[in-house]
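Structure first, commentary second.
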Amino acid sequence: MNQYQLSSIPVKENYQKVMTEAVDEFEKYFGVSLYQKTCIIFLNSRQQFDDVIGRKTLPFETAFSSENLIFMMDQSVYESESNKKFNLESDLLTVRHEVCHKFFRRLVWRTQPVWLNEGVAIYLSGQLKNKQPVVKFNNFLLFENTNSIDNQTVYDESGFAIRKIVEKFGKDKFIDFLISLRGISDNKMVYPKFSALYGFELSYDNINNL
Ligand SMILES: [Zn+2]
């Protein structure tokens, strides 16, 4: 397998600006700062994506977050190497999404459950406006350590569920909930932590009835 070397990185000003603004915004939102500067690396093929991430990535996956790095499929190969149409506005929202993952990890000290990490990133990045609204929640809690199961993905419901919780009970309580998850050893421990803070069980029925 080839190893990769970056000799020079031409700056894409619009991506740089969105990334910088997102870092500033999420610093204020979460009340924490990142230890390292974030850096976007544009990749030029699906093979590079697989190599760098370390697994066979799915056709819809065009961005990935690792430590302080954000890997994104370059616009020049985006449509040939994924099953999505390139759209600059939504790709820039993806930058915000990936930056949000870094703050989640900084605040919560973990990246799971996936539905919570993805839900927060989808909601705070602004990606919900491009998604089909959810009428009834019935699958997001399944995604504890994976982002897709058969033909369902964590991206359909999780952002709407997080929005409902935050808009109903406020941001401060939600941040307290996230902080309460520091140090848990099992995704199942999210349930008692949620009940302890919100006073009701985390279930589809309860979220649907909010
Ligand atoms: Zn994500």
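Here, each number is a calculation from the coordinates, and none is a lab measurement. Source: prediction; values computed, not measured. Backbone-built Cβ (ideal geometry, glycine too); neighbour counts: all protein chains shown.
For Ser66, which sequence-distant residues (separation of 5 or more, or a different chain) have an amide H within less than 5 Å of its own amide H, given hydrogens modelled in the peptide plane?
Counting only residues 5 or more places away or on other chains, the set is Phe71.
Tell me the GluC sites (Glu not before Pro) within region 31-137 that lie in a loop according to DSSP and have at most 11 other beta-carbon atoms within 10 Å. All intermediate terms of the calculation are to be shown ahead of the outcome.
Details: sites: Glu61, Glu67, Glu79, Glu81, Glu89, Glu98, Glu118; in loops: Glu61, Glu67.
Answer by residue number: Glu67.
Given H placed 1.01 Å from N in the peptide plane, which residues other than close sequence neighbours of Leu43 have an amide H under 5 Å from its amide H?
Those lying under 5 Å, H to H, from Leu43 are Met72, Met73, Asp74.
Among Phe64, Phe49, what is the fewest-to-most ranking by other Cβ atoms within 10 Å?
Numbers: Phe64 19, Phe49 23.
Going from least to most buried by this count: Phe64, Phe49.
Can you sort Trp109, Trp115 so the residue with the fewest Cβ neighbours within 10 Å comes first? Don't skip to the end; give the middle numbers.
Numbers: Trp109 13, Trp115 26.
By the 10 Å Cβ count, ascending, the order reads Trp109, Trp115.
Excluding the sites themselves, what is the longest stretch of the chain that contains no trypsin sites (Lys or Arg not before Pro) in a DSSP loop with at most 11 other C-beta atoms within 10 Å?
86-135
So what are the ³J(HN,Hα) numbers for region 186-195, from phi and the Karplus equation (6.51, -1.76, 1.60; θ = phi - 60°), rounded to whole Hz, Gly and Pro as x?
Ordered by residue, 3J(HN,Hα) equals 9, 4, 5, 6, 5, 5, x, 5, 5, 4 Hz.
Using the C-alpha atoms of the chain, what convex hull volume per residue, in cubic angstrom, is computed? Before the final figure, lay out the partial values.
Working: hull volume 27.8 nm³, N = 210.
Given the Cα convex hull of the chain, per-residue volume reads 133 Å³.
Using helices alone, I'd like the mean residue ellipticity at 222 nm for the chain: each DSSP H run of four-plus residues gives -39500 (n - 2.57), total over residue count, nearest 500. Intermediate results must be reported in sequence, preceding the final value.
Numbers: 9 runs with 102 residues, N = 210.
Computed ellipticity for the chain at 222 nm equals -15000 deg cm²/dmol.
Counting other C-beta atoms within 10 Å, which of Leu107, Leu124, Leu210, Leu69 has the fewest, and how do the rest follow? Display every interim value, and only then the final one.
Values: Leu107 19, Leu124 24, Leu210 12, Leu69 15.
Ranking Leu107, Leu124, Leu210, Leu69 by Cβ neighbours within 10 Å, fewest first, gives Leu210, Leu69, Leu107, Leu124.
Using unit Cβ charges (K, R positive; D, E negative) and no other charged atoms, how large, in debye to the nearest 20, is the dipole of the chain about its Cα centre?
That gives a dipole near 380 debye.
What residue among Asn139, Asn87, Asn117 shows peak mean-square fluctuation when the chain is described by a Gaussian network model with Cα springs under 10 Å?
Taking springs between Cα atoms under 10 Å, the residue moving most is Asn87.
If I build a Gaussian network model for the chain, linking alpha-carbon pairs within less than 10 angstrom, which residue out of Val18, Val135, Val190 has the largest mean-square fluctuation?
Val135
Which value results for Rg/Rh of region 110-210 when Rg is the Cα radius of gyration and Rh the Kirkwood radius based on the inverse mean 1/r?
On the way: Rg = 12.7 Å, Rh = 13.7 Å.
When Rh is taken as the Kirkwood radius, the ratio is 0.92.
About its Cα centre, how strong a charge dipole does region 115-194 have in debye, to the nearest 20, once Lys and Arg get +1 and Asp and Glu get -1 at the Cβ? Before the final figure, lay out the partial values.
Values: 11 positive and 9 negative charges, 64 e Å.
So the magnitude is around 300 debye.
Expressed as a whole number of Å, what is the distance separating the alpha-carbon centroids of region 77-154 and region 178-210?
20
With unit charges on the beta carbons (Lys and Arg positive, Asp and Glu negative) and the dipole taken about the Cα centre of the chain, which residue among Ser195, Ser80, Thr20 sits farthest to the positive side?
Of the candidates, Ser195 comes out farthest on the positive side.
Only bridges with both residues in the chain count here: give the DSSP antiparallel percent, nearest 5. Intermediate values should be presented prior to the final figure.
On the way: 6 of 11 bridges.
About 55 percent, rounded to the nearest 5.
Percent relative contact order of region 1-108, based on C-alpha pairs within less than 8 angstrom and at least six residues apart? Intermediate values should be presented prior to the final figure.
Working: 108 pairs, mean separation 35.4, N = 108.
The normalised contact order for region 1-108 reaches 33 percent.
Cut-off under 25 Å on the C-alpha distance; same-chain residues fewer than 8 positions from Lys85 excluded. Which lysines are left, in chain and number order?
Output for Lys85: Lys12, Lys17, Lys56, Lys129, Lys131.
Using Cα pairs closer than 8 Å and at least 6 residues apart in sequence, work out the relative contact order for the chain, in percent.
Values: 246 pairs, mean separation 33.8, N = 210.
The value is 16 percent.
Where nothing but the Cβ of Lys and Arg (+1) and of Asp and Glu (-1) is charged, how large is the charge dipole of region 27-122 around its Cα centre, in debye to the nearest 20? Each step should come with its number before you reach the end.
On the way: 12 positive and 12 negative charges, 79 e Å.
That gives region 27-122 a dipole magnitude of about 380 debye.
Rounded to two decimals, what ratio of Rg to Rh does region 62-127 give with C-alpha atoms and a Kirkwood Rh? Let's see the in-between values first.
On the way: Rg = 12.3 Å, Rh = 12.4 Å.
That ratio is 0.99, to two decimals.
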